[in-house]
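A quick write-up on the structure given underneath.
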Amino acid sequence: MTNIKTTILANQEVAPGYYRMKILAPEFERRVRPGQFVMLRALGFGEPLLRRPFGVFQTGRLQADCDGLPEKEFLEILYKVVGRGTALMRDLHEGDRVEVLGPLGRGFETASNSGQQILVGGGIGLVPLYMLAGELLRQYPVRLLIGGRSREDILMVTEFERLGVETYVSTDDGTLGDAGPVTQVLERKLTRFPDAAVYACGPMPMLEAVNAICASRRVALQVSLEAFMACGVGACLGCVVKGAGHSKEDPRYLCTCKEGPVFRAEELDWELLARRVNEGGRDHD
Amino acid sequence: MTNIKTTILANQEVAPGYYRMKILAPEFERRVRPGQFVMLRALGFGEPLLRRPFGVFQTGRLQADCDGLPEKEFLEILYKVVGRGTALMRDLHEGDRVEVLGPLGRGFETASNSGQQILVGGGIGLVPLYMLAGELLRQYPVRLLIGGRSREDILMVTEFERLGVETYVSTDDGTLGDAGPVTQVLERKLTRFPDAAVYACGPMPMLEAVNAICASRRVALQVSLEAFMACGVGACLGCVVKGAGHSKEDPRYLCTCKEGPVFRAEELDWELLARRVNEGGRDHD
Amino acid sequence: MTNPSLPENAMEAGPDLSVSLAGLQLKNPVMPASGTFGYGEEYSPYMDLGRLGAVVTKGLSLRPKAGNRTPRIAETHGGMLNAIGLQNVGLEAFCQEKMPFLRQIATPVIVNFFGNSQEEYVEVARQIDQIDGVAAAELNISCPNVKHGGIVFGTDPAAAAAVVGGVREVLNKPLIVKLTPNVTDITVIARAVEDAGADAICCINTLTGMAVDIHSRRPQLANGTGGLSGPAVKPIALRMVYQVARAVKLPVIGVGGIVTAEDALEFLIAGASAVQVGTANFLDPAAMIAIIDGLDRFCRQEQIAKLADLIGTLRC
Amino acid sequence: MTNPSLPENAMEAGPDLSVSLAGLQLKNPVMPASGTFGYGEEYSPYMDLGRLGAVVTKGLSLRPKAGNRTPRIAETHGGMLNAIGLQNVGLEAFCQEKMPFLRQIATPVIVNFFGNSQEEYVEVARQIDQIDGVAAAELNISCPNVKHGGIVFGTDPAAAAAVVGGVREVLNKPLIVKLTPNVTDITVIARAVEDAGADAICCINTLTGMAVDIHSRRPQLANGTGGLSGPAVKPIALRMVYQVARAVKLPVIGVGGIVTAEDALEFLIAGASAVQVGTANFLDPAAMIAIIDGLDRFCRQEQIAKLADLIGTLRC
Ligand SMILES: Cc1cc2nc3c(=O)[nH]c(=O)nc-3n(C[C@H](O)[C@H](O)[C@H](O)COP(=O)(O)OP(=O)(O)OC[C@H]3O[C@@H](n4cnc5c(N)ncnc54)[C@H](O)[C@@H]3O)c2cc1C
Ligand SMILES: Cc1cc2nc3c(=O)[nH]c(=O)nc-3n(C[C@H](O)[C@H](O)[C@H](O)COP(=O)(O)OP(=O)(O)OC[C@H]3O[C@@H](n4cnc5c(N)ncnc54)[C@H](O)[C@@H]3O)c2cc1C
Ligand SMILES: Cc1cc2nc3c(=O)[nH]c(=O)nc-3n(C[C@H](O)[C@H](O)[C@H](O)COP(=O)(O)O)c2cc1C
Ligand SMILES: Cc1cc2nc3c(=O)[nH]c(=O)nc-3n(C[C@H](O)[C@H](O)[C@H](O)COP(=O)(O)O)c2cc1C
Ligand code: FES
Ligand code: FES
């Protein structure tokens, strides 16, 4: 957990609206866990004000520019342009300066009892699963179920396959892979491997459906959540989700940035997550 | 007077802290007068908010990248890094986008009766004199008196000499050229050419001294002023100076951006310029 | 993006951007904020002024006003401070020198005005009422009452009501009252102004702020303090527009930090019937044209036939 | 730039950055703003907390408070809106879980607190007074009085005075009162609070603002409105600190939009005896250390032996 001022090594479009940014980050590789994230900001321009959170896609090393120099350790993120902050990131070039705070939060736990590892992801939610797959593959075979509305939403299949992951694609409109929700495939797999461990990241409705299935089958599930974040370190309380057993009298909030972004499913209050009920007053801080 | 969104062709340091920026600006050359300025802002980053004013250093044409394409008309500014806005400009590269509003304001009048043309400048104040010298040289010999505290403050001597301008340097500490204020040289020249036309741009104390000399000798003087500017077009009234005959009952303000930045000396209230007296209330707008 | 030469009727096929406001029918809800657009002419090289919903002049007083000494402006993060000191040419010169140009443009002209006493306010209003070609008057009550210890009219409901009432008596043209945000509860002032006879409310004027030069240890503005405007103040302006729109029945003009069409839409949704654009004119002289075009585009994308249907549709 | 392992006495050769405030002797004037620094521990990986002038906790109430639903934060130009809803662990858990850590850090601990009624405020103060290791209490009066129609204590001089007076009776530790900027004249509140027994004044809390999602037509914050903070509000905060410092004899803590040492210096020159840094902690977790180092550098450059000599030196 450090804040470094560093340099962009590359920033390239990999699919329409999706970019991969490599950032020089010495010492990062050995500190980061799959599922952890960084808070990122371009240096120099005052805007946007707040850093933006991004999952760590991977770490690695690039050859040095000259013989004799050490390799360049980098950290890589994969991001989708959705608003002001990511639009500005798109305009950054090799050599531009950025500030990176991280690695932050709690990543995936991989000490599983079972040999069966099932990852479920959609859209940009595949990002944290990539490093996770790499780690799990050292011990287990890994299956990845990718879901999306249409073929354009399906990313990175080749990358995961190259790692050695068995991938299953499904789209709502059937334009790629199976037609139907990704949860259909999940049910099939869990029927075959009832003691599998499931790891999911993606849009909230998908996570809820995955949770419902895993809960009813008592399958161990870890989910990675997103939230608006200001500080990334548990100080502002902007990113909270309700933990299991939460009530107004005994508020059991969890910070997505600190206690998450990866949670064991049973730590969360899924009913309140879905409803996002206002229990407090309408005060300002 | 247009606002164009355009591209930087080059942005290079030419002396410690001084940069020249070439900006693609079709049609600009034939519209700009010596002494006019532009309001500039980098596109995309919200900060700094307001555009910054810069005199036009020169216009020109660059060869096209390929045969058959038209030449690239450019406008060039020469700027000194003094604060937030200019520090951000320094970090811009070829290909970055900027917005340019201009040419703005009233430039120098060059229909002079006399054959003798004397320019007086200091520091970044030499910028508007460069195009002026180019234009005057078509008809007259031109002398330039450059002043500064020390040798580091003396810029662009070679550039002016290459145009064919006779240059006279003086520094307060005598590290380059004559020792003493630039006004000493001016007095000598005016004694020799009592009907010269004088054009000056530089720090306010220098302009005041030049005005005192020219006024007592009844020599025609034009000065180029600086001011904080928000709009650059005469709308915000942020950049006013007091005109001759100004009084509280009959306020005769002139906008530096619109009626200036070049003024005939007799248009200005030099006493009030020096004092900058507060005559109004303490209201907000 | 902007196409000032687009013929008027090309818009007819597209969404209807018109709004009505205090008896005025505006072709769209976008107009300049007083003091940021001079007397209109200054920006005419950059746009067809006839495309604007209205033009609002610099604040006018009975006699010419010298304003404050310089520096009058300073930049802050996301905003700017100004202490122009309400410099203006005075009503007489305005009529002679500025109105002939303004009468020719194809959009309503709104005259912003102020006074330093109740009497001056009323006298200015009386004269504005006589000016041919002025569609409405906008009363700036953010000025100190020099006769009563300098307390700002717009911060006291009774003083605000008195000046609005006085002006109302002599003004037959529509009366827009522009509120200061430097108050504890803007709805109290808004209601006072409504009861005193305003036809519309404009909010907000600038927030009082300050900047210090740490080397000279002087305020950056010669005046000491100044008015903060620009994107920095948008959240405050939006909150106040929302509050006022719910507190009164009058139409509200939203102003404060609007730079883009999206900003303007936030104000309309929060309850504004029209918007004014101030500081953004300095950033881009054609900002208002881009905003109008952006409103048009938004309506097309969201299939909104009439922009006015969006006003006050915030779901809370 | 920052060197947390620098021994304390290495500073002795350099300028004296210490300030005194309401009976506290601070090694420098820089401390976090309540609610932006958690309970201190959250930022301990990024800095030596002992280098700070003081640590200020998240606002505490008698019992744990759940706060508002999410989204609780939204970004604006140059600022952010928050509506956390004063979520906190409550006094009891604070004493048991947070104080043991805070007692170990080599700087004074200031506890920020609030209540929803006069009685709750007083009870919280009574309990804080008993906590060993707490150097001072900071009273947040920007809360609505639920027993009196929800009017915010800090917007009414009488209500502000009453709550400060009540707290004063039970609190022996130094009492800092933190003012809301959402008022017409902050000097009126400041004087009321001074008369009621405050030892220092902290200003400002956040300005009420709003942001709208134009697609869903809902406020961006679940709570509707939120508090604006960050560089955008700096000019307003600075103006208020300047006004308050001239209106009262108490020392003033300046807060609002401070990001750099230059910002902090503006506040000191305008009359603040110390400064708090809020939103900037989110932008750079070591912002306060950079500010302290920057103050040191400024003093060296300008040959200022004692930073405190700079306080209130604005020349107007
Ligand atoms: C732990 C974590 C890991 C993430 N990893 C990645 C990643 O690997 N790749 C990636 O592309 N994105 C990732 N995100 C999401 C990413 O942070 C947001 O897309 C980004 O902050 C948007 O910034 P913006 O300025 O472009 O959008 P804004 O202009 O701020 O917002 C644009 C739109 O995006 C929505 N949005 C903005 N921020 C968030 C957020 N934090 N959560 C949910 N919705 C948001 C807004 O509601 C709005 O509709 C992650 C978020 C978290 C919390
Ligand atoms: C008509 C005109 C022509 C100009 N031509 C040139 C030019 O050719 N080359 C060049 O380098 N500069 C020129 N300037 C000055 C230039 O505009 C300022 O240096 C620039 O705006 C500073 O921006 P900043 O953000 O870096 O500084 P800021 O952070 O805004 O300020 C830094 C310091 O500079 C001072 N300053 C800022 N703006 C001005 C200003 N407009 N006038 C006087 N002092 C100011 C401030 O007081 C402060 O001390 C010109 C100004 C005008 C009005
Ligand atoms: C330079 C300047 C001058 C202004 N002059 C006036 C004025 O004369 N009368 C008035 O009512 N408001 C005046 N205002 C306030 C604006 O009309 C507007 O209310 C304010 O700037 C907020 O809008 P913005 O953020 O879009 O600029 C002025 C603002 C600026 C920046
Ligand atoms: C996320 C957040 C939470 C806050 N919580 C509190 C609080 O609990 N008590 C309080 O008095 N002020 C609270 N504040 C206000 C800050 O202490 C500070 O007054 C304000 O943010 C302005 O300073 P800044 O611009 O440096 O952030 C909070 C501010 C933020 C941004
Ligand atoms: S982002 Fe601040 S607590 Fe999580
Ligand atoms: S800069 Fe606006 S009037 Fe000159």
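Here residue D:278 does not qualify as without any contact (Cβ under 8 Å) to a residue 60 or more places away in the chain, more than 8 Å from chain C (Cβ to nearest Cβ), in contact with a strand residue (DSSP E or B) (Cβ under 8 Å, 6 or more places away or on another chain) and more than 16 Å from ligand 6 (Cβ to nearest atom). Scanning the range C:30-52 for residues that are in contact with a helix residue (DSSP H, G or I) (Cβ under 9 Å, 6 or more places away or on another chain), over 27 Å from residue C:122 (Cα atoms) and in a loop (DSSP other than H, G, I, E, B) yields C:44, C:46, C:47, C:48, C:52.
Only residues that are away from chain A (no Cβ under 14 Å) and modelled with pLDDT under 95: list them for the range D:133-148, please. Within the range D:133-148, D:148 is the sole residue that qualifies. As a summary of the residue check, residue D:241 satisfies the conditions (1) within 24 Å of residue D:189 (Cα to Cα); (2) among the hydrophobic types (A, V, I, L, M, F, W, C); (3) touching a residue at least 60 places away in the same chain (Cβ under 8 Å); (4) more than 8 Å from chain C (Cβ to nearest Cβ) except for the one numbered (3). If you go through the range B:117-124 one residue at a time, do you hit one that is away from chain A (no Cβ under 14 Å), away from ligand 5 (no atom under 16 Å from the Cβ), touching a residue at least 24 places away in the same chain (Cβ under 8 Å) and in a helix (DSSP H, G or I)? So far as the range B:117-124 goes, yes, one or more of its residues are away from chain A (no Cβ under 14 Å), away from ligand 5 (no atom under 16 Å from the Cβ), touching a residue at least 24 places away in the same chain (Cβ under 8 Å) and in a helix (DSSP H, G or I). Helices (runs of 4 or more DSSP H) fully within the range D:233-291 that include at least 2 residues being within 16 Å of ligand 2 (Cβ to nearest atom): D:234-247, D:261-270.
Screening the range D:209-232 for residues that are outside any loop (DSSP other than H, G, I, E, B) and more than 7 Å from chain C (Cβ to nearest Cβ) and picking the one that is nearest to the chain's Cα centre (by Cα) gives D:229.
The set of residues from the range D:86-120 being in contact (Cβ under 8 Å) with a residue 60 or more places away in the chain and touching a strand residue (DSSP E or B) at 6+ places or on another chain (Cβ under 7 Å) comprises D:102, D:105, D:107, D:108, D:109, D:110, D:112. Residues in the range D:121-138 that are free of Cβ contacts under 8 Å to residues at least 24 places away in the same chain and at positive phi: there are none.
Applying the condition of being crowded, with 24+ Cβ neighbours inside 10 Å and free of Cβ contacts under 8 Å to residues at least 12 places away in the same chain to the range B:227-266 and asking which residue is farthest from residue C:286 (Cα to Cα) yields B:238. The set of residues in the range B:71-118 being buried (at least 20 other Cβ atoms within 10 Å of the Cβ), over 30 Å from residue B:186 (Cα atoms) and among the aliphatic types (A, V, I, L, M) consists of B:75, B:89, B:98, B:100, B:101. Looking across B:32, B:56, B:81, one residue alone is under 22 Å from residue B:262 (Cβ atoms), among the β-branched types (Val, Ile, Thr), touching a helix residue (DSSP H, G or I) at 6+ places or on another chain (Cβ under 7 Å) and modelled with pLDDT of 90 or more. It is B:56.
Of all the residues in the range C:142-157, those that are touching a residue at least 40 places away in the same chain (Cβ under 8 Å) and not in a helix (DSSP H, G or I) number 2. One residue alone among C:198, C:160 is assigned to a helix (DSSP H, G or I) and either touching a helix residue (DSSP H, G or I) at 6+ places or on another chain (Cβ under 9 Å) or crowded, with 24+ Cβ neighbours inside 10 Å (or both), and that residue is C:160. A single member of A:161, A:226, A:187 is charged (D, E, K, R) and within 16 Å of ligand 1 (Cβ to nearest atom), and it is A:226. Residue pairs whose Cβ atoms lie under 8 Å apart, sitting 6 or more positions apart in sequence or on different chains, and linking a residue in the range D:52-78 that is facing another protein chain (nearest Cβ under 8 Å) and farther than 24 Å from residue A:48 by Cα to a partner that is part of a strand (DSSP E or B) and hydrophobic (A, V, I, L, M, F, W, C), are D:59/D:113; D:67/A:240. Scanning the range A:37-92 for residues that are more than 14 Å from every other protein chain (Cβ to nearest Cβ) and within 16 Å of ligand 5 (Cβ to nearest atom) returns A:37, A:54, A:55.
The values are calculated or read from the model by the stated rules, or taken from the named source; none is laboratory data. Since the model is a prediction, treat every value here as computed from it, not as a measurement. As a convention, Cβ positions derive from the backbone with ideal geometry for all residues, glycine included, and neighbour counts pool all protein chains shown.
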